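Notes follow the structure.
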Amino acid sequence: MNSGDDDGRTGHTVGAVARIAKVTVRTLHHYDEIGLLSPRGRTPAGYRRYDEADLGRLQRILFYRELGFPLEGIAAVLDDDSVSPSEHLRRQHQLLTDRIAHLQKLAAAVEHAMEAEKMGIQLTPEEKFELFGEHYREEWEGEAEQRWGDTAAWAESQRRTGGYDKADWQRIKAEADALNARLVELFTAGEPADGGPAMDLAEAHRQHIRENFYDCTFEIHRGIAGMYVADPRFTAVYEELAPGLARWLHDAMLANAALRTGEQG
């Protein structure tokens, strides 16, 4: 394939490659100078010409650069003759999977911090890190207060949790973890979200909030369900437990609210 400014010769000019890959010409010159990407072709006047194999190598270079690999490390990986193209793809897939998992953990930490602030946790910074993980950041707490600070539920949770100590929060966290484990078990078993067992667990989820924090009405519970699918930070918590769990729990919470309000009405 020829570029639009190849002067009738095969291959791509350095300017064309820079535009295709969205890098600077200076970057391509540097890669050539250090032997990381030396184009296979040259014009009679000595100008660089990049073929499709060169473009493929550049694509791999830029991928590893995006993940933070140093240039010398990239050269070592790409110049390893024992690694096939398919193995490079497998490695790239694994690196991306690891990066996604890391970002999901960060999102889960945000969700824990927001829940903690919403519920009025009275803990030291050290205890917050211990309970909610190494990625906890205190600056996330302001967002929760701004969002819920003027609600009756916020006031009630502040009052009720004001006397909680570390042991209370450890108990509450253990109960939540046990409930999550039951949710995962039911979900992975293929139980429908609007089935009796799923709705019973959704009700247990609501009761856990009512018993420990504030009067979680069915209307409030519907709102929480909405956050589980609308806010990526909340979604990530359940997706990390099992892909698809966030939507399933959302549906179970709505089905439970519809059923029980119908019974009461």
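For the range 14-82, what D do you get in µm² per second when you plug the Kirkwood radius from alpha-carbon pairs into Stokes-Einstein at 20 °C and 1.002 mPa s?
Details: Rh = 12.4 Å.
This corresponds to a translational diffusion coefficient of 173 µm²/s.
If I model a spin label as a point 7 Å beyond the Cα along the Cα-Cβ vector, how far apart are those points for Tyr47 and Ala181 in nm?
For Tyr47 paired with Ala181, the spin-label model returns 6.8 nm.
Extension gain Arg171-Ser38, at 0.36 nm per residue separation less the Cα-Cα distance, in nm? Walk me through the intermediate numbers first.
Numbers: separation 133, 0.36 × 133 = 47.88 nm, distance 6.10 nm.
That pair, Arg171 and Ser38, stretches by 41.8 nm at full extension.
Full-extension gain between His208 and Thr188, please, as 0.36 nm times their residue separation minus the C-alpha to C-alpha distance.
Taking His208 through Thr188 to full extension adds about 5.0 nm, to one decimal.
Please give the Cα centre distance for the range 222-265 versus the range 29-108, rounded to the nearest Å.
42 Å
Since every read-out is calculated from the coordinates, none of them should be taken as a lab result. Nothing here was measured: the structure is a model prediction, and the numbers come from that model. Note that we place each Cβ from the backbone using ideal geometry, even for glycine, and neighbour counts take in every protein chain shown.
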